[in-house]
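Report on the following structure.
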Amino acid sequence: MKLLRIRAALLALATLAFGSVAQAETVTYDNPKVGSNPLDLCLSWGEGCGKPAADAWCVNNGFTESVGHAVAENIGLSTPTRLISNGAVCDQEMCDGISQVTCSRPDPEEQTYNKPKFMGNRLDYCAVWGGGCGAEAATLFCQAEGWATAKDFVIAEDIGASSPTRVISTGAVCDQGFCDGFKEITCGN
């Protein structure tokens, strides 16, 4: 029971240090278009403006939602915009478009971290001094990054003297030649 409490405390500490979620994939597009026209700021005439129109464009392009967009004001007269909902063209001076949109989709199935770090140092190969080495330390790291588990990892042996390592449970630094770290960790769900 005591070991379970220690592991829970380690996970809580690691989560605080690293954050709690893996990063979703995001891509930013300049000058998004509907057909050959710039994307209008609104879904339909004067309604669903801003994020709803950006969301619809992102969904149509294989993403889940928009996480940001930039507005091009009063461009309709010189560069007519097109409504994404029905394809109507807005060619009046007052028509606004979206000049940039950032789209997001759920996390990929897995992510590989090269030379993973903890609190500014290379991650130590052990979860605690001399214990929980390898899979346990890698899994704690992955969980702190928002993943379920470590799918794979590669040891980086004897790196402490040139690249001090930091233990994920306590934050202690190991700066001796015998200290091991990770060359890479692959996390997944």
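For region 114-141, a residue qualifies if it is hydrophobic (A, V, I, L, M, F, W, C) and touching a residue at least 60 places away in the same chain (Cβ under 8 Å), and the qualifying residues are Phe118, Met119, Leu123, Ala127, Val128, Leu140, Phe141.
Residues of region 60-113 being out of contact with any Pro (no Cβ under 8 Å at 6 or more places or on another chain) and touching a residue at least 60 places away in the same chain (Cβ under 8 Å), which ones? Scanning region 60-113 gives Thr102, Cys103, Ser104, Arg105, Pro106, Asp107, Pro108, Glu109, Glu110, Gln111, Thr112, Tyr113.
For region 84-117, filtering for residues that are over 22 Å from Glu25 (Cα atoms) and either among the hydrophobic types (A, V, I, L, M, F, W, C) or in contact with a strand residue (DSSP E or B) (Cβ under 6 Å, 6 or more places away or on another chain) (or both) leaves 9.
Looking across region 36-62, the residues that are surrounded by 15 or more Cβ atoms within 10 Å (Cβ to Cβ) and under 17 Å from Thr79 (Cα atoms) come down to Asn37, Pro38, Leu39, Asp40, Leu41, Cys42. When Phe141 is tested against (1) surrounded by 21 or more Cβ atoms within 10 Å (Cβ to Cβ); (2) out of contact with any helix residue (DSSP H, G or I) (no Cβ under 9 Å at 6 or more places or on another chain); (3) not in a strand (DSSP E or B), just one condition goes unmet, and that condition is (2).
Of all residues in region 63-82, those satisfying the criterion of being at pLDDT below 95, buried (at least 18 other Cβ atoms within 10 Å of the Cβ) and in a loop (DSSP other than H, G, I, E, B) are Phe63, Gly76. Pro52 meets the stated requirement of being outside any strand (DSSP E or B) and either under 23 Å from Cys187 (Cβ atoms) or modelled with pLDDT of 80 or more (or both).
The values are calculated or read from the model by the stated rules, or taken from the named source; none is laboratory data. If you're wondering where the values come from, they're calculated on a predicted model, not measured in any experiment. All Cβ positions, glycine included, derive from the backbone under ideal geometry; neighbour counts span all protein chains shown.
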